[in-house]
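J.: Got a structure for you, questions after.
Just so it is clear, none of the values below were taken in a lab; they were calculated from the coordinates. The structure displayed is predicted, hence computed values, not measured ones. No Cβ is skipped: glycine too gets one built from the backbone with ideal geometry, and neighbour counts run over all protein chains shown.
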Amino acid sequence: MARAILVIDVQVDFCEGGALACSGGAATASRISEHLKKHASDYDFVIASRDWHTAHDSNGGHFPDPDDQPDYVNNWPLHCIAGESGSEYHPNLDQSLIGIHIKKGQGAPGYSIFEGTADSGQTFQELISEFEITQVDVVGIATDYCVRASALDAKRIGLDVRVITGLTAGVAQESIENSIDQMIDAGIEVKPVY
């Protein structure tokens with residue numbers, strides 16, 4: 001029985017100045033770094049995901065056709081293109097604290113960390129099984145999209161899941177509140193602070 005913290009998509013493109021910025025993203029990155037330093041002994045694993053979308057590809061409809069505008073529901077402006085600066089971790093996130101890196105959205109939408117793979121080629125699901133992870137804290141960006149999707153998937157496979165909202169940033173207040181309600185209804189513990 002192991003405990004992990006899942007740091008979801010704390011990337012340049014999801015923070016202020018990025019292609020798909022969330023208000024408070026940079027501050028969230030700093031708070032997550034502080035949390036990881038302060039609570040290092042509380043976690044057996046620190047696992048971080050990144051959107052890692054394929055260039056010159058619709059990524060399964062995640063990006064609109066070149067002549068179309070994104071609808072911000074099913075498709076989005078180009079963001080987190082593999083190997084480009086926007087796909088990198090935000091500089092306020094201390095990468096030295098991360099033990100396992102997961103890339104998701106390679107040719108696909110990839111909202112949940114469960115859709116990703118480690119550099120070793122293992123799926124996230126395989127890592128969960130190998131390391132016998134039973135408890136996860138979920139933090140990162142965006143509360144109402146990839147954090148929600150990752151938390152719900154973790155709960156769906158029977159993990160004990162806690163979302164720390166003080167260590168997240170979201171897209172819009174209404175969708176953040178709806179997502180929090182959805183997570184609570186699924187049996188996920190949602191707390192503002194650790």
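J.: Looking for something part of a loop (DSSP other than H, G, I, E, B), exposed (fewer than 13 other Cβ atoms within 10 Å of the Cβ) and either among the aromatic types (Phe, Trp, Tyr) or in contact with a helix residue (DSSP H, G or I) (Cβ under 7 Å, 6 or more places away or on another chain) (or both) - is there at least one such residue anywhere in the stretch 76-87?
T.: no
J.: Same structure, new question: Return the residue satisfying two criteria in turn: it lies in the stretch 118-163 and is in contact with a Lys or Arg (Cβ under 9 Å, 6 or more places away or on another chain) and β-branched (Val, Ile, Thr), and of such residues it is surrounded by the fewest Cβ atoms within 10 Å (Cβ to Cβ).
T.: The residue in question is 134.
J.: Looking for whichever is aromatic (Phe, Trp, Tyr) and in contact with a Pro (Cβ under 8 Å, 6 or more places away or on another chain) here; the options are 114, 63. Which one fits?
T.: Only one candidate passes the filter, namely 63.
J.: Show the residue pairs meeting these rules: Cβ distance below 6 Å; 6+ apart or different chains; first residue within the stretch 73-90 and at positive phi; second residue part of a helix (DSSP H, G or I) and acidic (Asp, Glu).
T.: Matching pairs, first to second residue: 80/13.
J.: From 153, 137, 144, grab the single residue that is touching a residue at least 40 places away in the same chain (Cβ under 8 Å), outside any strand (DSSP E or B) and of a type in the set (Asp, Glu).
T.: Every option except 153 fails the conditions.
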